[in-house]
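Data block below; observations after.
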Amino acid sequence: MIILKIIFMRSILLLALILPLFTAAQINRSAREFASEKIQEYVSAKLFKSLSYKPISFGQLKEYNSKGNSEIAWTIEHKFEIADTKKFSDQRTSVPKEYKFQFYLDDKMKVLRAESYFTY
């Protein structure tokens, strides 16, 4: 009987230590998913309005610590393809071009700024 109580108490203690880690991981994943949705809206509505957008990858959502701009709270890197139509000898073809952007977000995950990096 005493052994069962000890096992039960250790299980409760272990659960109490591990549960906050799982909760924090879930919150971070939800924030990253929400940020990626906001970025997809921003890219397709403001940056490349009438072109075909295909997301490739999202980086980690990172806290942004800057003394100069206090509005920016988060930053995330995003790779995507834009299919641009080109005209070659009276035929239109879709040519995908890969882009890499760094997005800067406020604390409510609104995109404040985007910087592009060229990929070849």
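What pairs in K38/K79; K54/K86; K49/K97; K67/K108; K46/K108; K46/K67 have C-alpha atoms more than 22 Å from each other? Violating the 22 Å Cα-Cα cut-off are K46/K67. The long axis of helix 2-42 is offset from the longest Cα principal axis of the chain by roughly 10 degrees.
Ordering R32, R10 by the number of other Cβ atoms within 10 Å of each residue's own Cβ, fewest first, gives R10, R32.
Please name whichever of T85, S57, A114 sits farthest to the positive end of the charge dipole of the chain, dipole taken about the Cα centre and charges placed at Cβ: Lys and Arg +1, Asp and Glu -1. Most positive-ward Cα: S57. The three principal axes of the Cα atoms in the chain give end-to-end lengths of 86, 38, 24 Å, sorted in falling order.
About its Cα centre, the chain has a charge dipole of approximately 120 debye under the convention of +1 per Lys or Arg Cβ and -1 per Asp or Glu Cβ, with nothing else charged. Ranking L21, V43, P96 by Cα position along the charge dipole of the chain, where only Lys, Arg, Asp and Glu carry charges on their C-beta atoms, puts L21 farthest toward the positive end. Counting beta carbons within 10 Å around each of S50, S94, S44 and listing the fewest first gives the order S50, S94, S44. Helix content alone sets the calculated 222 nm mean residue ellipticity of the chain: runs of n ≥ 4 DSSP H residues at -39500 (n - 2.57) each, divided across all residues, give -12500 deg cm²/dmol. A cut-off under 15 angstrom between Cβ atoms defines the neighbours of E115, and their net charge, with Lys, Arg +1 and Asp, Glu -1, is +4.
A simple spin-label model places pseudo-atoms 7 Å from Cα toward Cβ; at L14 and K62 they are separated by 3.6 nm. Taking label points 7 Å from Cα along the Cα-to-Cβ direction, D90 and E115 give a separation of 4.8 nm.
The numbers here are math on the coordinates, done by the rules we state, and not lab data. A quick note: this is a predicted structure, and the numbers were derived from the prediction, not measured. Cβ sites come from the backbone with ideal geometry, for glycine too, and all protein chains shown count toward neighbours.
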